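One structure is given here, and the rest of the page talks about it.
Taken together, the values in this text are just the output of simple stated rules run on the coordinates, not laboratory data. All values reported here derive from a predicted model rather than from experimental measurement. FYI the Cβ positions are ideal-geometry reconstructions off the backbone, even for glycines, and counts take in every protein chain you see.
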Amino acid sequence: MNCTLHDSLHDETLKLVKEERRLTGLVIENLQKIQDANLHLKMGYSSLFEYAVKALGYSESCAYRRISAVKMARVLPEIKEKLNSGELNLTNLSMAQSFFSREKIDVPEQKSVLEKIENCSKRETEKILVREFGVRALPPKREVVKATAGDEALLHVRLKQVTLEKLDRLKNLRAHKNPKMAYADLIDDMCEYMLKKLDPMAKHSAEAKFAAPIKGPHIRGPSSNPRHIPSRLKRQIWQRDQGQCTYADPTTGRRCDSRHLLQIDHIHPVCLGGPATEKNLRLLCHAHHRLRDG
């Protein structure tokens with residue numbers, strides 16, 4: 001390869017890298033605007049992270065880094081210029097943001113730390129952050145779930161020592177069921193137990209099978225509280241809505257698939273005379289419940 005071609009390729013690549021940084025900065029700005037306008041919620045996504053993964057096609061790690069930058073840019077708008085110049089990158093920013101969130105770092109100290117990690121590699125940044133905050137390691141990463149062969153999955157999660165001790169106590173208490181219980185067996189055992197206790201869907205199935213009509217003086221009369229929803233009606237709502245948020249984008253019809261922090265919502269508000277009836281009740285996730293109230 002002659003020198004002229006070599007220089008030409010190098011110059012072209014430099015231009016593309018600068019353009020890539022500029023576009024990344026624009027993506028960060030747009031994600032911030034989308035969040036401010038609740039556009040991701042209106043489109044049926046329960047969080048900006050879910051929107052970035054499912055609507056924009058980012059991997060979870062890429063989405064996490066960009067959303068970390070959005071959070072940081074709200075506090076320190078100047079980082080956008082540093083991203084464009086290449087002085088800071090998304091990886092280093094997300095590492096720093098994890099520290100700032102965990103350690104409750106004030107804005108002046110954040111600025112100081114960011115100046116120290118400018119133009120640093122990931123490893124150099126990690127060393128600086130560990131040194132600055134006097135800890136032995138970076139904050140734990142997001143839990144990692146990987147598919148494996150067959151019907152199994154690999155879950156990598158970091159626990160506190162006290163949590164591990166609690167798991168060991170539970171293993172001992174459940175040893176009569178399985179003397180050689182592994183942690184995977186224990187987690188499955190706990191899931192079964194807690195779902196029977198907490199899952200309205202599971203409760204509905206069990207009670208539909210075993211419930212007998214209540215007779216005599218134990219029958220309660222209707223509550224005078226207009227916000228009161230009888231337990232049986234709650235279970236009907238959960239069963240009908242399949243334990244999932246019912247919000248749907250009015251344009252595309254896309255339904256929010258969140259099952260996190262679900263709440264029973266009155267379609268016609270109680271303050272306007274909305275009754276606690278099956279027709280007037282629905283499940284909404286916390287984010288879409290706030291959108292509706294907002």
Measuring from its Cα centre, the chain shows a charge dipole (+1 at each Lys and Arg Cβ, -1 at each Asp and Glu Cβ) which, in debye to the nearest 20, is 1460 debye
Taking R0 as 45 Å and r as the Cβ-Cβ distance between residue 20 and residue 160, the FRET efficiency 1/(1 + (r/R0)^6), rounded to the nearest 0.05, comes to 0.70
As straight-line cross-link partners of residue 146, the qualifying aspartates and glutamates (C-alpha separation under 14 Å, not fewer than 8 residues apart within one chain) are 60
Counting all Cα-Cα pairs in region 227-293, those more than 21 Å apart amount in percent to 19 percent
Here, residue 153 and residue 9, labelled 7 Å along Cα→Cβ, have an inter-label distance in nm of 4.3 nm
Looking only at aspartates and glutamates whose Cα falls under 16 Å of residue 42's and that sit 8 or more positions away or on another chain, we get 50, 249, 257, 293
Quick numbers on the chain, Rg and Dmax over C-alpha atoms in Å, give 25.8, 97
Computed, not fitted: 222 nm per-residue ellipticity of the chain from DSSP H runs ≥ 4 (each -39500 (n - 2.57)), nearest 500, equal to -17500 deg cm²/dmol
Farthest towards the positive end of the dipole of the chain, among 253, 144, 283 and with Cβ unit charges of +1 on Lys and Arg and -1 on Asp and Glu, lies the Cα of 283
In degrees rounded to 10, the 0-90 angle between helix 60-75 Cα long axis and the longest Cα principal axis of the chain is 80 degrees
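Of 33/197; 71/234; 122/171; 166/196, which sit over 32 Å apart, Cα to Cα?
From 33/197; 71/234; 122/171; 166/196, over 32 Å: 33/197; 71/234; 122/171.
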Relative contact order of the chain (C-alpha contacts under 8 Å, at least 6 apart) in percent is 15 percent
Between the modelled labels at residue 144 and residue 103 (7 Å from Cα along Cα→Cβ) the distance in nm is 2.4 nm
Burial-style ranking of 169-176, 6-13, 236-243, average other-beta-carbon count within 10 Å with highest first, yields 236-243, 169-176, 6-13
A convex hull over the alpha carbons of region 144-199 yields, per residue, a volume in Å³ of 120 Å³
Expressed to two decimals, region 1-139 has a Cα Rg over Rh, using the Kirkwood radius, of 1.04
Tilt, helix 3-36 to longest principal axis of the chain (alpha-carbon atoms), in degrees rounded to tens, equals 30 degrees
Taking Cα atoms only, helix 90-103 is inclined relative to the longest principal axis of the chain by an angle, in degrees rounded to 10, of 50 degrees
